[in-house]
Amino acid sequence: MDGPRLAMTITDERRRAPRLPTNGSAVVSALTDQSPVLTRVEMCDSSASGLGLLSPVELQPGTPLAIYPHSTPVATVFAEVVRCESRDAGYHIGLKRRMVRAA
C-alpha cells in the first residue's frame, strides 16, 4: 500500500489530559487479597484522570486505593491501580482516579 503511514512510538502521548510533574509524598491505603496495606509513596506525576507514584510495595492492577497527600487525615483521592512496573527503587504505579459520590 502506497501513501503516508501513521506510526506510533512509545513517546507518543495518547492521554486525553496532559500529565504534569508532581512532587511530594503521600500515604496510600490499599485493600489487597492478602491483607490491608498502608505505605508511604512519592508522587511522580498527575493528570485529570490519573496519578503516577513510586512505591516500595508492589500493588496489583485492580487494587482500590485511598490516597492521603502530606499525611492529611482525610483521603483526598480515590484511585485504582492500572499498572505496576518494577523499578530500581521499588515500583512505579499508574493509577486511574475514581469518582466518589458524597453522602
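The values are calculated or read from the model by the stated rules, or taken from the named source; none is laboratory data. Quick caveat, the model's predicted, so the values are computed rather than measured. Glycine gets a Cβ as well: all are built from the backbone with ideal geometry, and neighbour counts include every protein chain shown. Remember, those area values only see protein heavy atoms, side chains included, never the ligands or the DNA or RNA. Shrake-Rupley method; radii C 1.70, N 1.55, O 1.52, S 1.80 Å.
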Within the range 39-97, how many residues turn out to be of a type in the set (S, T, N, Q) and either closer than 15 Å to ALA26 by Cα or in a strand (DSSP E or B) (or both)? 7
Condition broken by VAL81, with the remaining ones in (1) under 21 Å from GLN34 (Cβ atoms); (2) over 11 Å from the mean Cα position of the chain (by Cα) satisfied: (2)
What's the total number of residues in the range 69-91 that are at pLDDT 90 or above, of a type outside the set (D, E, K, R) and open to solvent by 20 Å² or more (accessible area, probe 1.4 Å)? 5
Being in contact with an Asp or Glu (Cβ under 6 Å, 6 or more places away or on another chain), at pLDDT 90 or above and not polar (S, T, N, Q) narrows it down to one of PRO21, PRO56, so name that one. PRO21
